[in-house]
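The values are calculated or read from the model by the stated rules, or taken from the named source; none is laboratory data. Please read these numbers as outputs of a predicted model, since none were measured by experiment. FYI the Cβ positions are ideal-geometry reconstructions off the backbone, even for glycines, and counts take in every protein chain you see.
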Amino acid sequence: MIHLTNISKQHGSQVLFQDISCQILPGSRNGLVGPNGAGKTTIFRLITGEEAPDKGSISCAKKTVIGYFSQDVGDMAGRSALAEVMAASSETMLLGEQMRQMEAAMAEPMSDDAMAQLLERYGDATEAFEHRGGYDLESRAQTVLTGLGIGPDDYNRPVESFSGGWKMRIALAQILAINPDVLLLDEPTNHLDVESIIWLEDWLATAFKGALLMTSHDRDFMNRIVTTIIEVANGSVTTYSGNYDFYLKEREIRRDQLQASYRRQQEMLAKEEEFIARFAARASHASQVQSRVKKIDKIERIELPPEQRAMRFEFAEPPRSGDDVVRMSNLSKVWQLDNGREKSVFGGVDGVIRRHEKIAVVGVNGAGKSTFLKVLTGQTKPSTGFVTLGANVFPGYFSQHSMEVLDPQRTVFETVQDAMPMAAIGTIRNLCAAFLFQGDLVDKRIEMLSGGEKSRVVLATLLARPLNFLVLDEPTNHLDIQSREVLLTALQKFTGTVVLVSHDRHFLRSFVNRVFAIDHGELRTYEGDYGYYLDKVKSEREA
């Protein structure tokens, strides 16, 4: 369907690809992986024609419809949410209008030749309209919007009234509703809650019949959807037939085999070079020396790819807190809306968070998870009741808002230094390096950082302080899979108390031992891990 052949691409002095080839076959499910900056987004842009290769060719089957979802939403205004989604299928809607005009024309008298030509054009338009799913476009748009959390009550809401995260969902719905032959998804789960991610998984598995190429930092999502992994790294592309977990295992096997071959080759070369050095001056061995020189000159040298850099850190042993870390009594939060009405977020919450607990706060988007964390940490005052911290509790709070309040003019080094003013320069640099800020990168200003880099800076500032109660609101949002695994390992070893919100199911399943679920203003407690919570919810629904 789509073939990239001997592609080379360079951005400035950075060589992204050198003679790479790969293909997207009809109906295939492909995951695109690789370190940040390796060129994953460039591959998307090459396929869509937004960029051209410096060398090589890209071929695509005729009339192939490509849908591309990226993190750049663009302007949305002047339409309802439903109309905005349907507008993305403008060519399909135009075909429908042309078909109606041709149907009207058929009712008028005309020559046999003219009618034959009209019928032929009508047949072509009908075939294309049906191929694009034109007959069920509106119902498909409604289904996709609902699945992504925008229900019938919001279909006719002006699109400009939605927040940035919800506009991302509308943009994703546009691409899905096109029903393309090839679907390119760049981090589609970034702004979705767990319920919407599960819906998208089911939709891709059952409703979508085209080819898929996607990137995602959600390990579970990748494992359940893709059957082929295309790795972009070190200027080359490598294909693995399997899901993400298979790719990790197979990559290690291939790396071990390559290292073994490299060691054998180095040992052989060392012996040959030793022979050449020993007998180079002896006329009696001249022919043997020349033969070995020619032999090693012809050998294709095995090169080991550089190791991918990853965060590496562990939380310092925190001070011991009291057994009761937080006590909540008759806790509630009500927001005053612009129209004068009130919206109850949660109410009547009583309970205790105990030392060593690792608690997930779950619920659909808008349920009040972030508000609950803000009330816990004193960022927002409760409407009724109170929160009492236990003895010797030192809380630390991470949220996307934490990233927004970073001073954009400060450097990475200065920001981390502010969190540990008494530390030596070497200590600060080591902490920065653990979060991948090495060398000149520590002098990079905050305003120049990506979302993932800002997340790492905030996590570094948390690590710099002696905290024993971590409250984390979507700490994994801008981290790649490898960085998520490092954070997960560090939190598993952390001996303090953690309350977090995350839509990464692998992260939750591997970490939490208690769940708070917010649903329709009620906070329910599940005394078990994330798997226990899912089983209980399933049995409650069936009952």
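Of the residues making up segment 485-505, those that are over 23 Å from residue 188 (Cβ atoms) and β-branched (Val, Ile, Thr) are 486, 489, 495, 497, 498, 499.
Among the residues of this structure, residue 5 does not count as one that is modelled with pLDDT under 90, in the same structural domain as residue 185 (by TED's automatic domain parsing), among the hydroxyl-bearing types (Ser, Thr, Tyr) and surrounded by 14 or more Cβ atoms within 10 Å (Cβ to Cβ).
Given the criteria of a type in the set (A, V, I, L, M, F, W, C), over 15 Å from residue 351 (Cα atoms) and surrounded by 17 or more Cβ atoms within 10 Å (Cβ to Cβ), does residue 398 qualify?
On the way: of a type in the set (A, V, I, L, M, F, W, C): yes; over 15 Å from residue 351 (Cα atoms): yes; surrounded by 17 or more Cβ atoms within 10 Å (Cβ to Cβ): yes.
Yes, satisfied.
Contact annotation: residue pairs with Cβ atoms under 6 Å, 6 or more positions apart or on different chains, pairing a residue in segment 125-152 that is more than 16 Å from residue 97 (Cβ to Cβ) and of a type outside the set (A, V, I, L, M, F, W, C) with a partner that is part of a helix (DSSP H, G or I) and modelled with pLDDT of 75 or more, are 140/177; 147/199; 149/196. On inspection, residue 211 does not qualify as surrounded by fewer than 20 Cβ atoms within 10 Å (Cβ to Cβ), small (Gly, Ala, Ser) and touching a residue at least 12 places away in the same chain (Cβ under 8 Å). Hey, among the residues in segment 80-100 that are aliphatic (A, V, I, L, M) and over 28 Å from the mean Cα position of the chain (by Cα), which one's nearest to residue 159 (Cα to Cα)? Here the answer is 93. Among the residues making up segment 442-455, those that are crowded, with 19+ Cβ neighbours inside 10 Å and modelled with pLDDT under 85 are 449, 453, 455.
Would segment 81-92 turn up any residue that is modelled with pLDDT under 80 and either of a type outside the set (Gly, Ala, Ser) or in contact with a Ser or Thr (Cβ under 8 Å, 6 or more places away or on another chain) (or both)? Checking segment 81-92: at least one residue is modelled with pLDDT under 80 and either of a type outside the set (Gly, Ala, Ser) or in contact with a Ser or Thr (Cβ under 8 Å, 6 or more places away or on another chain) (or both). Scanning segment 397-405 turns up one or more residues that are part of a loop (DSSP other than H, G, I, E, B), outside the structural domain of residue 346 (by TED's automatic domain parsing), at pLDDT below 90 and closer than 17 Å to residue 476 by Cα. Take residue 431 and tell me if it is in a loop (DSSP other than H, G, I, E, B), out of contact with any strand residue (DSSP E or B) (no Cβ under 7 Å at 6 or more places or on another chain) and either buried (at least 19 other Cβ atoms within 10 Å of the Cβ) or not assigned by TED's automatic domain parsing to the domain that holds residue 314 (or both). Judged against the criteria, residue 431 is not a match.
Count of segment 345-371 residues, restricted to those that are touching a residue at least 24 places away in the same chain (Cβ under 8 Å), part of a loop (DSSP other than H, G, I, E, B) and within 18 Å of residue 195 (Cβ to Cβ), is 5. Assessment of segment 2-17 against the conditions (assigned to a loop (DSSP other than H, G, I, E, B), touching a strand residue (DSSP E or B) at 6+ places or on another chain (Cβ under 9 Å), within 25 Å of residue 188 (Cα to Cα) and not charged (D, E, K, R)) yields no matching residue. Of everything in segment 467-517 that is of a type in the set (Lys, Arg) and under 21 Å from the mean Cα position of the chain (by Cα), the residue that is surrounded by the fewest Cβ atoms within 10 Å (Cβ to Cβ) is 509. Counting the residues of segment 406-428 that are free of Cβ contacts under 8 Å to residues at least 40 places away in the same chain, in a helix (DSSP H, G or I) and among the charged types (D, E, K, R) gives 1. Residue check: residue 374 meets all listed conditions (1) in a loop (DSSP other than H, G, I, E, B); (2) buried (at least 18 other Cβ atoms within 10 Å of the Cβ); (3) out of contact with any helix residue (DSSP H, G or I) (no Cβ under 7 Å at 6 or more places or on another chain) but one, namely (1). With respect to (1) surrounded by 17 or more Cβ atoms within 10 Å (Cβ to Cβ); (2) under 15 Å from residue 29 (Cα atoms), the lone exception for residue 217 is condition (2).
Say whether the condition of being at pLDDT 85 or above, in contact with a Leu (Cβ under 8 Å, 6 or more places away or on another chain) and in a strand (DSSP E or B) is met by at least one residue in segment 32-49. Walk me through how you get there before you give the answer.
Step one: of segment 32-49, the residues at pLDDT 85 or above are 32-34, 39-49.
Still in the running and in contact with a Leu (Cβ under 8 Å, 6 or more places away or on another chain): 32, 39-40, 42-44, 46-48.
Next cut, in a strand (DSSP E or B) only: 32.
Looking for residues that are at pLDDT 85 or above, in contact with a Leu (Cβ under 8 Å, 6 or more places away or on another chain) and in a strand (DSSP E or B), one finds at least one in segment 32-49, hence yes.
So which residues in segment 532-543 are surrounded by 12 or more Cβ atoms within 10 Å (Cβ to Cβ) and of a type outside the set (Asp, Glu)?
Initial filter on segment 532-543 (surrounded by 12 or more Cβ atoms within 10 Å (Cβ to Cβ)): 532-537.
532, 533, 534, 536, 537 - these are the residues of segment 532-543 that are surrounded by 12 or more Cβ atoms within 10 Å (Cβ to Cβ) and of a type outside the set (Asp, Glu).
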